[in-house]
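Since the structure comes first, as structure tokens, the remarks are kept for the end.
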């Protein structure tokens, strides 16, 4: 029986949209006179961002600026990445939930729930509050000083909800950060596969897969 649920934020509840990243990439390239496709720039930025492994914990804003600075160097751009990080932050603070999110959360009918997100604390709380998305707990990478899929961030959610792992289902859009991370602790997992991509042969296997959050409440009754 499912007694609680945890959900990822960005890509699951909140639509940040890749177009925002492309907009910032385009601005940086145009401001510095680089005739490079924004998609190519963003591909390199992604590689630095997701490949970041600093010796000490950095919050998401710091990783974003560091990865963008590395991307600037790769493209021979001499400039300060900070204004573009601020631009990205401002765009993301206006992010909205996916259309079905409010109804899907209402359908959970009081089931204890927490957000577990690779995000900075104040940033995420502001977005949730502005969009009137209420949770019993908000667990961030900044507060726990680690990122999914590491266990500590999920363990903080279990402690906040006061339940063992086997009683909680985690929902997220990342097979690595969400499905693998939560699954290692014994949580059941639902992969939110909005784009309908296929799993690779070595990818983690979720307990269930959905394309939107609309069928979530009914699915939980069957897990």
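The helix-only estimate of mean residue ellipticity at 222 nm for the chain, built from DSSP H runs of length n ≥ 4 each weighted as -39500 (n - 2.57), is -12000 deg cm²/dmol after division by the residue total. Helix 18-31 and the longest principal axis of the C-alpha atoms of the chain enclose an angle of approximately 10°. Compute the angle between helix 151-161 and the longest alpha-carbon principal axis of the chain, please, reported from 0 to 90 degrees and rounded to the nearest 10. Between helix and principal axis, roughly 50 degrees. Shown for 142, 100: other C-beta atoms within 10 Å of each C-beta, ranked fewest to most, produce the order 100, 142.
For the residues 27, 165, 180, a GNM of the chain with alpha-carbon springs under 10 Å puts the largest fluctuation on 27. Stretching the chain fully between residue 30 and residue 209 yields a gain of 60.4 nm (0.36 nm per residue, less the alpha carbon separation).
Each part gets one Cα centre, and for segment 107-162 versus segment 184-212 those centres are 20 Å apart. Here the residues 75, 123, 154, ranked from fewest to most Cβ neighbours within 10 Å of their Cβ, fall in the order 75, 123, 154. Between 48, 32, 170, which gets the highest mean-square fluctuation from a Gaussian network model of the chain, Cα cutoff 10 Å? Among 48, 32, 170, the largest mean-square fluctuation in the Gaussian network model of the chain belongs to 32. As a proxy for reagent exposure, 31, 120, 8 were ordered by neighbouring Cβ count within 10 angstrom, fewest first; the result is 31, 120, 8.
Placing pseudo-labels 7 Å out from each Cα toward the beta carbon at residue 59 and residue 166 gives an inter-label distance of 3.8 nm.
Potential lengthening of the chain between residue 16 and residue 125 amounts to 37.7 nm, from the contour at 0.36 nm per residue minus the alpha-carbon distance.
Based on DSSP, what percent of beta bridges with both residues in the chain are antiparallel, to the nearest 5? The antiparallel fraction comes to roughly 10 percent.
To the nearest ten degrees, helix 38-50 and the longest principal axis of the Cα atoms of the chain are 60 degrees apart.
No value in this document is a laboratory result; all are computed from the given coordinates. Predicted, not measured: the structure shown is a model, and the values here were computed from it. We place every Cβ from the backbone using ideal geometry, glycine too, and count neighbours over all the protein chains shown.
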